[in-house]
Each structure stands twice: as C-alpha cells, then as structure tokens.
Amino acid sequence: MSLLFPAQTITFDAALRDLAKGTPKARAMAAHALGEVTSPEERPRAVDALITALDDGRSEVRAEASAALGEIGDARAIPSLVKRLDDGDAAVRQCAAIALGSLRSPDAWDALVTALKEGPADLRFQAATSLPEIDAPRSYDVLVGALGDGDPQVLSAIALSLGAIGDGRAVGHLARLVEHADRGVRFDAGYALSELGDARGRDALAASLGDPDRGWDAACALERLGTAADADALATIVGDRKAPPQVQLRASGALLAIAPQHARAEAAQRVLVAGLALRKPELRGLAIEELGKVGGAWAEDPLAKLRSSRKGKDFMDVIDQALDAIRGRR
C-alpha cells in the first residue's frame with residue numbers, strides 16, 4: 001500500500017516513463033507502482049530506476065522510491081538507501097529505514113545502529129523497529145543501550161521491539177518503563193511485557209481499554225496474559241457504552257476466552273450477539289469472528305439468523321466457519 005497515494009493500475013513501461021519525466025505526483029505514483037513489480041525480467045530495471053529516483057528533488061518521490069525498494073528487496077539498493085537516512089525530510093528518512101529493515105541485510109546494520117544513536121527522533125524511532133528485522137538477537141544489546149533516549153516515541157519503539165524479540169532479560173528494563181511519565185511509553189512497555197508473559201504492565205493496559213487507538217491492543221495483551229485479574233480488567237469495559245464498539249467486541253471475546261464462567265460472561269455474550277446487528281459491516285464481521293472463537297450453543301441461532309438475512313449475505317462463508325468451529329467445540 002502506498003504511503004502517499006492509493007493503488008493505481010499502470011503499465012511497467014509507463015511507470016518507468018513517468019518516474020523519469022512525469023509531474024511530481026506522477027513520479028511518486030510511478031515509484032509506488034514499480035515497487036509492485038514481480039517479473040524477474042522487469043525487477044532489475046525497476047530497481048535501477050528507483051535508485052535514481054532516490055535523488056529526486058521532491059521528497060514525496062524519494063519517500064515512495066525508498067518504500068518501493070524495500071518492497072522489491074534488492075540488496076543493490078542498500079548504499080543508496082543508507083544515504084537517504086540523512087535526508088532532510090523526515091518521511092524519506094523513515095521510509096529508508098523501513099526499507100533497510102525489510103531488506104534484512106547485515107550490510108545495513110551499522111548504518112541503522114548509527115541512526116539509532118545519533119539520528120533525529122523520527123529516525124531513531126524507526127531504526128529501533130528496523131534493527132530487529134535484520135538480526136533480532138543481536139539487536140537486544142543495542143536497544144537496551146538506547147533506553148536512555150529522552151524521546152517518548154523512541155522509547156515506545158524500543159519497548160515494542162524488545163517485546164517482539166522475546167528475550168526474557170528485557171523484563172526488568174520494561175518494568176521500569178511502565179513507570180514512565182508518558183502514557184504511551186507506559187502502554188507500549190506493558191504490551192511488550194505481556195509478550196514476555198509478565199503482568200507488571202496490566203494497569204497500563206487496563207487504563208487504555210477505552211482508548212480508540214490503544215483499546216484493541218490492550219484487550220489482546222490482557223487476553224495473552226490470561227489470568228483471572230486480566231479477565232476482571234476486561235470486564236470493566238464490557239457493556240460500557242462509551243467504549244469504542246470494536247474494542248467492546250474484542251474485549252468481550254477476550255473475556256470469554258479467558259474466563260467463560262466470569263460474572264460478566266453473559267454480558268460479554270450479549271455484546272457479541274448484539275454486534276451481529278451493528279450497522280457497519282466491519283463490526284458485524286468482527287462479531288462473527290469473535291463468536292467463532294468463543295461462542296457456544298447460545299451463539300448458533302443468532303449466527304444462523306444473520307446468515308439468512310440481508311445483512312449476512314456478504315458473510316456467509318465466515319458465518320459457516322464460525323458455526324463449524326462452535327459445533328466442533330461441542
């Protein structure tokens with residue numbers, strides 16, 4: 001998916017032409033299109049054209065060219081992408097760092113370590129995410145060494161990377177970040193701790209259940225921890241009309257997965273069944289998926305009714321899968 005433009009249908013030759021001579025918008029769109037090239041015969045020409053575009057005078061073209069080179073995955077682009085880490089535009093720097101991580105080449109390692117230590121905050125943030133893609137075990141010490149960074153977004157990125165790496169030595173460092181003054185850092189440290197099976201971030205996760213941006217991840221993290229205390233935290237959001245509906249659905253499914261006999265289990269069941277009648281199709285789809293994971297006999301009739309209704313016509317296969325899963329558990 002493009003960072004700046006929606007997907008467009010464009011021929012390979014037209015993309016090469018537009019990248020060389022088009023308007024700034026056309027050049028950026030052409031760079032994105034070249035990133036989707038799969039033909040072994042066309043890929044080398046696409047890479048050459050995109051490397052040239054990394055020196056384009058417009059930042060949006062350089063950003064799209066960087067992203068496209070990451071999609072293609074040709075190591076020949078590494079030296080040119082490394083140069084873009086010093087670009088004057090933040091979006092270009094970030095796209096270059098993302099691309100270098102996607103290439104997963106040790107040749108990009110030193111440049112990203114330097115970026116994490118010395119770059120501007122927007123680049124440090126992305127370097128913390130890209131280094132583990134190249135070598136997760138090796139990145140542990142580098143990331144821990146950067147925990148003195150004063151920027152909250154950088155600390156959040158480091159915390160999430162440490163959680164994704166899965167090294168248990170990170171638990172103590174992450175537990176300290178849970179006490180950070182910044183709410184985002186506290187949350188991301190708590191989420192990372194949940195990936196390591198440590199519950200010391202539970203309060204930070206529970207406090208974000210009502211957040212439209214963080215509530216979904218909070219519910220997933222609490223389900224991952226999976227204790228009675230986590231079920232109690234999830235129960236606080238079930239039936240809360242002020243909570244985002246997608247979070248209520250996810251939290252209800254998580255509660256039933258952890259503690260199907262919880263005092264709020266019937267309320268969670270009602271939330272999921274009610275979700276089948278919501279106006280937005282994506283919410284109905286989410287309710288179906290959650291019911292497929294945790295539903296019992298109580299969910300069969302509502303799902304069958306939806307399947308036979310106008311609102312269910314686009315979900316028939318998903319409903320059938322959910323019903324099969326429920327019946328299989330019985």
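Laboratory data are not the source of any read-out in this text; all were calculated from the coordinates shown. Computed from a predicted structure; not experimentally measured. Cβ atoms come from the backbone with ideal geometry, glycine included; neighbour counts cover every protein chain shown.
Tabulated data for the structure shown
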{"item": "Cross-link table Lys25/Lys280; Lys280/Lys305; Lys242/Lys305; Lys242/Lys311; Lys293/Lys313, entries beyond 23 Å C-alpha to C-alpha", "result": "Lys25/Lys280; Lys242/Lys305; Lys242/Lys311"}
{"item": "Helix-only mean residue ellipticity at 222 nm for the chain, each DSSP H run of n ≥ 4 adding -39500 (n - 2.57), per residue, nearest 500", "result": "-21000 deg cm²/dmol"}
{"item": "Alpha-carbon centroid distance for the pair region 244-261 / region 164-182, whole angstrom", "result": "26"}
{"item": "Cα Rg over Rh - region 227-288, Kirkwood", "result": "0.96"}
{"item": "Order of His180, His32 - criterion: other Cβ atoms within 10 Å of each residue's Cβ, fewest first", "result": "His180, His32"}
{"item": "Virtual paramagnetic centre 7 Å along Cα→Cβ of Ala263, amide N under 17 Å, in region 201-231", "result": "228-231"}
{"item": "Burial order of peptide ranges 192-204, 268-280 (average beta-carbon count within 10 Å, highest first)", "result": "192-204, 268-280"}
{"item": "Surrounding net charge for Ala277, when Lys and Arg each add one and Asp and Glu each subtract one, Cβ distance under 10 Å", "result": "+4"}
{"item": "Neighbour net charge for Leu291 - beta-carbon separation under 13 angstrom, K R +1, D E -1", "result": "+2"}
{"item": "Largest-first ellipsoid semi-axes for region 123-207, taking √(5λ) over the Cα gyration tensor eigenvalues, angstrom", "result": "19, 14, 10"}
{"item": "Theoretical gain in end-to-end length, Asp89 to Leu147 [0.36 nm per residue, Cα-Cα removed]", "result": "18.4 nm"}
{"item": "Label point distance in nm, Gln321-Asp301, each placed 7 Å from Cα along Cα→Cβ", "result": "2.7"}
{"item": "Magnitude of the charge dipole, the chain, Cβ model with Lys/Arg +1 and Asp/Glu -1, debye to 20", "result": "1180"}
{"item": "Net charge over other residues, Cβ less than 13 angstrom from the Cβ of Glu195 (K, R count +1; D, E count -1)", "result": "-3"}
{"item": "The chain: relative contact order as a whole-number percent, Cα under 8 Å and 6+ apart", "result": "7"}
{"item": "The chain: angle of helix 245-258 to the longest principal axis, Cα-based, in degrees nearest 10", "result": "60"}
{"item": "Listed candidates (1) 61, 50, 33; (2) 74, 48, 34; (3) 61, 51, 37 - label of the one calculated as Cα extents along the principal axes in Å", "result": "(1)"}
{"item": "Relative contact order of region 166-277, defined on C-alpha pairs under 8 angstrom at six or more residues apart (%)", "result": "18"}
{"item": "For Tyr140, Tyr191, order by how many other beta-carbon atoms lie within 10 Å, fewest first", "result": "Tyr140, Tyr191"}
{"item": "Candidate aspartates and glutamates for bridging to Lys83, where Cα separation is under 17 Å - those fewer than 8 sequence places away on the same chain excluded", "result": "Asp48, Asp55, Asp56, Glu60, Glu64, Asp74, Asp107, Asp110, Glu118, Asp122"}
